[in-house]
1. Take the residues in the stretch 283-315 that are of a type in the set (F, W, Y) and surrounded by 14 or more Cβ atoms within 10 Å (Cβ to Cβ), then tell me which one is modelled with the lowest pLDDT.
2. Residues being under 18 Å from the mean Cα position of the chain (by Cα) and among the hydroxyl-bearing types (S, T, Y): count how many of those fall in the stretch 353-407.
3. Of all residues in the stretch 91-108, how many are within 20 Å of A125 (Cα to Cα) and either modelled with pLDDT of 80 or more or touching an Asp or Glu at 6+ places or on another chain (Cβ under 7 Å) (or both)?
4. Tell me whether the stretch 368-384 contains one or more residues that are modelled with pLDDT of 90 or more and hydroxyl-bearing (S, T, Y).
5. Any idea how many residues of the stretch 221-238 are crowded, with 18+ Cβ neighbours inside 10 Å and either modelled with pLDDT under 95 or of a type in the set (V, I, T) (or both)?
6. For the stretch 422-448, enumerate the residues that are touching a Ser or Thr at 6+ places or on another chain (Cβ under 7 Å) and closer than 20 Å to L48 by Cβ.
7. Name the single residue, out of those in the stretch 316-327 being of a type outside the set (F, W, Y) and in contact (Cβ under 8 Å) with a residue 24 or more places away in the chain, that is surrounded by the most Cβ atoms within 10 Å (Cβ to Cβ).
8. Those residues that are out of contact with any helix residue (DSSP H, G or I) (no Cβ under 6 Å at 6 or more places or on another chain), buried (at least 18 other Cβ atoms within 10 Å of the Cβ) and under 20 Å from A288 (Cα atoms), I need them from the stretch 333-366; list them, please.
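The values are calculated or read from the model by the stated rules, or taken from the named source; none is laboratory data. Just so you know, these numbers come straight off a predicted model, no measurement behind them. Here the Cβ positions follow ideal geometry from the backbone for every residue, glycine too, while neighbour counts run over all protein chains shown.
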Amino acid sequence: MSVQALATDSGPAGSRNFVHEHKSDPGYLDNAANTHGSEKASLVWRALGRVGRDRQRMVEVGPGGGAAVAHLAAQFANSGDRGPSQTPGPQLTLIEAPGVTSQSLVRAIEEFNRIGECELRHGLARDLGTLLTEPVDVIGASALMHEVYSYGGGYAGLHAMMRTLPTVLKSGGFFAYRDVFAVDGPSLHDRVVQSYHSRAWLTFLRLFTPLYLAEGTHPYHRADDELVAHQHSRIVPVAELDREACAVITAPVGLFREIQRHYVTFRDHVWRSGILGFTPVLDGELAADWIDFHTGHKRVHYRLGGEVRWLTAHQRRMLAAMSEPYTDHQTIDSDIADAVTDVALLAFLDAAESGDATCRQVWDSWLAREGRETYAYLTADQLITAFAVCSAQAGTGTVLMPVLAGDITRVDRRYYNRFLTRRLANPLPDAKLLVLFQNVPCADETTLRRAFDTVASCCGKSSLARMYTAINKGDNGAS
């Protein structure tokens, strides 16, 4: 998705310059930001089934490359009971930042227009209340809160967006939301211990962590949030970590979640750049060529070419020897590909740290686009509670809550979890959190009772009490 559509430029976080060029790059929109559209589309489709077949007014915020739009169009086409002969057909409004589009989004819009009406509007998520002139049935978004938090005023911008959503949804409508799974546990601030021995990870820690803590928008400012690294039986600054020695680090679990997720996005960014001498296929059917889906073991499809200096001639020959031809490219076991990547990535990081212009450019482009963002700002408990409390404060007489057990779903990223398990002593699970929020009338006691039964599985008693108080009194703040 194009996260530029989700940013604002007001408030403390918004005062930071949003990297329009990097977020709007066609290669980013058409590829890196255009995966897993079926997950968001499936949530929207389920919501449509619950609001009724005669209510088909939808909105997607930040469509990016249009993967979710294309999947939704296919769902309508395959359903057999919706199409252009119906009056009216399904209506979809896309909210994207001014001047941002992609070829894949244009194609997706054309596909949707064969079964309904798809309109592209330009504007920012902060203006959702004015961009939508009347309430709609379903709104879908991916990483919306993640981006608003990072660029639109921190928690204040986040809560303001939550208060806006019930005003642009019909009573009984749905907000289908997908974002990075945070962590298990009551708080992102819980202190835990992690150990790192991989040279590539230690180098990344040294380069990334100080900058993120100094310049990123994040909640780790409390006295108990200090990151403390030990090497050689003494405390060392994270920027001075010795790559040849195991580091034992104590910090908030949420911060480790940030470091881990950023490493994964960084590795994928370098892979896509082709600078390592090979370019793996990370999107489409070939990216899901599983050997064993449940264990996250797959085949990696790749092409050789581009810069080759980060793989020696010997390593390059070894890579070819362990690969097999597949039409016009090569395929290799993912475990072997990960090992090769570690070698090449370490050489890349060494070069970037020493000032190599080409490597530094690739590093800086990733850093500008994603390096200062916060992925896991709320646990599932905190996210659901914040939505309920803030939406109850909107004055619409409704509250946003998941109602059925299937409205809260965690989708594990099995391949990444396999990779992380082989690199870290105690990795945090990598997953996506999918939540279907219904805009429930506060007077609907039956549905509210069902909603509280549902959220009790992942929300603590204090959170349940805050939700109850907000719904009945509307005066319990979300901060």
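1. That would be W310.
2. 4
3. Kept after step one, since they are within 20 Å of A125 (Cα to Cα), are these residues of the stretch 91-108: 91-102, 105.
When the remaining residues are screened for being either modelled with pLDDT of 80 or more or touching an Asp or Glu at 6+ places or on another chain (Cβ under 7 Å) (or both), the result is 91-96, 102, 105.
Qualifying residue count, the stretch 91-108: 8.
4. So far as the stretch 368-384 goes, no, none of its residues is modelled with pLDDT of 90 or more and hydroxyl-bearing (S, T, Y).
5. So in the stretch 221-238, the residues crowded, with 18+ Cβ neighbours inside 10 Å come out as 227, 229, 231, 238.
Subset that is either modelled with pLDDT under 95 or of a type in the set (V, I, T) (or both): 238.
Here the count works out to 1.
6. Filtering the stretch 422-448 down to residues touching a Ser or Thr at 6+ places or on another chain (Cβ under 7 Å) leaves 423, 425, 427, 434, 439-442.
Passing the criteria: L434, N439, V440, P441.
7. Step one: list which residues in the stretch 316-327 are of a type outside the set (F, W, Y), which gives 316-325, 327.
Narrowing further to those that are in contact (Cβ under 8 Å) with a residue 24 or more places away in the chain: 316, 319.
Values: R316: 16, L319: 21.
Only one residue fits best here, namely L319.
8. Passing the criteria: S334, A337, T341.
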